[in-house]
Each structure stands twice: as structure tokens, then as C-alpha cells.
1. Kindly indicate whether any position in the range 137-144 is of a type in the set (Lys, Arg), under 17 Å from the mean Cα position of the chain (by Cα), at pLDDT below 85 and surrounded by 15 or more Cβ atoms within 10 Å (Cβ to Cβ).
2. Applying the selection to the range 174-192, what residues are hydrophobic (A, V, I, L, M, F, W, C) and farther than 22 Å from Gln237 by Cβ?
3. What's the total number of residues in the range 35-81 that are of a type in the set (Val, Ile, Thr) and either under 23 Å from Leu6 (Cβ atoms) or in contact (Cβ under 8 Å) with a residue 40 or more places away in the chain (or both)?
4. With the requirement that a residue be among the hydroxyl-bearing types (Ser, Thr, Tyr) and either part of a strand (DSSP E or B) or modelled with pLDDT of 95 or more (or both), what does the range 246-282 give you?
5. Among the residues of the range 283-309 satisfying the criterion of being outside any loop (DSSP other than H, G, I, E, B) and among the polar types (S, T, N, Q), which is nearest to Ile333 (Cα to Cα)?
6. Determine, yes or no, whether Glu40 is among the acidic types (Asp, Glu) and within 27 Å of Thr116 (Cβ to Cβ).
7. Find all pairs meeting these conditions: Cβ atoms under 7 angstrom apart; at least six residues apart or on different chains; first residue within the range 10-34 and more than 16 Å from Cys224 (Cα to Cα); second residue buried (at least 19 other Cβ atoms within 10 Å of the Cβ) and basic (Lys, Arg).
8. Pick from Val312, Val287: which is more than 26 Å from the chain's Cα centre (by Cα) and surrounded by fewer than 22 Cβ atoms within 10 Å (Cβ to Cβ)?
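The values are calculated or read from the model by the stated rules, or taken from the named source; none is laboratory data. Since the model is a prediction, treat every value here as computed from it, not as a measurement. Neighbour counts run over all protein chains shown; Cβ positions are idealised from the backbone, glycine included.
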Amino acid sequence: MLKKVLVIKLGTAVITDEEGRIDEFVIKKIAGQIATLSNEYNIVLVSSGAVGSGKSFFKKYKGTLTERKAAAAVGNPMLIQLYHKYFSAYGITVAQALCERHHFSNRKQFLQLKETFAEFWQNDILPVVNENDLVSNIELKFSDNDELATLIAIGFDADTLILCTSAGGLMDAEKNIIPTVQKIDATILGYVTKTKSSLGLGGMLSKLTSTKLAASLGISVIICGLSGKDTLISALQGKSGTTFITQASNLKARQKWLASGSITIGGVYVDKGASKALHARKSLLTVGVKKVKGNFVAGEVIQLIDEDETIVGVAKAKLSGAEISKQIAHKNIIAAHADDIVIF
């Protein structure tokens, strides 16, 4: 039987103490649950905690980008060592997979990544993923591991994405966890505070941004905590955390890969006429572009943003950002072909 893909993201705050040290009891508990779930799923574990683990080794640590890179380089092997220790008790070998944005934006490299992960699963090896902080430029960094986990879930056509957080789920105004969310709208966003933990980069707003994209592409998303017994398993059963209802999606694998690039550094703002044409599955012409966002080259995946500043889709650019800017006043010049456009 072909197994479904499950992506689990662990935030820094749920696997470390207040000092940033990895909580081995939590890792042990996670290992047991993933061992059980691996009978049904091919699992990708996206784990934060490397920076938190490594920062104590630096004098006068202030959290600059360079310090975070260095702390991650120290913390990553420590983190993997602990995962190896506790997963090996269940006969599961772990593999460290350090990813960068180009592994997703370049189709050929992405397919190679998928082949490698398939090889892991065939041999009962669990890929533990984190960003390759040491070499990632600030312009090419993932905003946080919520984004990285979402890109993997979309690109690998995952059945479910679990985002583990210290909050335990999405809370309403009375601080009660909302068990099910049908749609992420203004009411749901109104419950969110913009705070984040002192150890991690993400927050609930980041998780909802990632969740909205994944759910729109047919992926079930669950935000849950790790306190209590068998929390990952109970969350999958709908007994804990917050489950976000998916929308039907009939996108092909290549289209989902395009969609996985929707969290990107480049994009174009389109006018109402162009937005209407895009929803009618037509190509994007440069005359319909109002403004170019970021520096991108031909062939890269970019965001399509309407006049309400809503991301309506993504496309593989036929021209660079500079070329599109020069051609805005010209008619009949294609900025992105209809076959390379995905509308949400």
C-alpha cells in the first residue's frame, strides 16, 4: 500500500526549555509517536531548535544574522545526535537534510530532492529537515520553518501538515482552543496576536499564512501542542489542537510545485483587467502589470498580487523583473504564459 506523506514541524519553543536547551523527554516522546505513525505515513520532520541549542556557546550572543548562522552550525549536529539516540530505539535511522530556497525554486533540483526523500522512506530512514543557515543569504532565507514545512508539504503532495506550537492550537478571544476552522477569514485573523517566542522566528500569524496556502491546495493542516500523551496521534484523530478544513484541489504535480514557490521574494502587482484575465486562465501580459516587486530573473517563480494586495496566484516568469518594468507600456508582450500560472 502506498503511504501518504505527513509533514511534522516542531517549533523551537516546544522542544526546548527557557534557556534554549533541548528537552530530551520531549524528543523521546516524539520518537515513539512518529514510530507508530510511520506504519501509515512517509514522514518528514522539520525541526527548529538548532540556533537555540548552539547560541549558549557564544560570548555576548545578541542574535545577529551572523551569530544565528554560527549558532545553527553548532546546534544542528547536537540536535541530530539526540534524534538519532531516541529514534534508533525504534529501529529508525535519521538523516539530516539541510535545505535552501533554490532546492524548491529550481524544478530540476526539487525533483532530485524528492527522489532522495523517496530513497530515505524506502529504507525506513526519517529525514530531519532544517534550513542550511550557514550558507543561506538573507535574501534567500525562508522566513521561518513554518514556511519551509509548507513548501515541503505542497511540493511533496502531503496529505497532512502538522505545525507544533507552544500555544497548543489556535485560540479564540477567551483563550480556548478552536477545534475546527472552516476558513481563515477576518474573524479568525482577529484572534491572532503578533507575538512570537523569544527562541523562535515564527508566530501564529506566520502559521496561519502557511496554513491558508496549504489548505487551499488540498492539504489538511493541524496546529497543535506537544503537552500530554500521544498528542500528534490525537491531533490527527481530531481530538486535540486545531484542524483546518481543506479545499478541493485538482492541481497537477508541476502546478503544485509552482504553488510551493508562492512564498517568495519576487512578484508583480497586476491591475483589475489582468486579474480578471488570470482568473480566466489567460497569460499575463506586461501591460497588465502595475509594479514589479523584488529582483527576479526569467524562469523564477513569482507572486501575482492584485490591487487589494492579495496574492491571487503564482507564475514562472517569462521575463526578468527589470525586463517587465521596461515593457509595462507595451502591448502583447507575455510576462508569464498561461501554462506556467497557478491561480489560488
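1. yes
2. To start, the set of residues in the range 174-192 that are hydrophobic (A, V, I, L, M, F, W, C) comprises 177-178, 181, 184, 186, 188-189, 192.
If the condition is that a residue be hydrophobic (A, V, I, L, M, F, W, C) and farther than 22 Å from Gln237 by Cβ, then Ile184, Ala186, Ile188, Leu189, Val192 are the ones that fit.
3. Within the range 35-81, the first condition is being of a type in the set (Val, Ile, Thr), and the residues that meet it are 36, 43-44, 46, 51, 64, 66, 74, 80.
So of that shortlist, the ones also either under 23 Å from Leu6 (Cβ atoms) or in contact (Cβ under 8 Å) with a residue 40 or more places away in the chain (or both) come out as 36, 43-44, 46, 51, 80.
The number of residues fulfilling the criteria is 6.
4. Tyr269, the sole residue that qualifies.
5. By that ranking, first place goes to Thr286.
6. Yes.
7. The qualifying pairs are Gly20/Lys55.
8. Checking each option against the conditions leaves just Val287.
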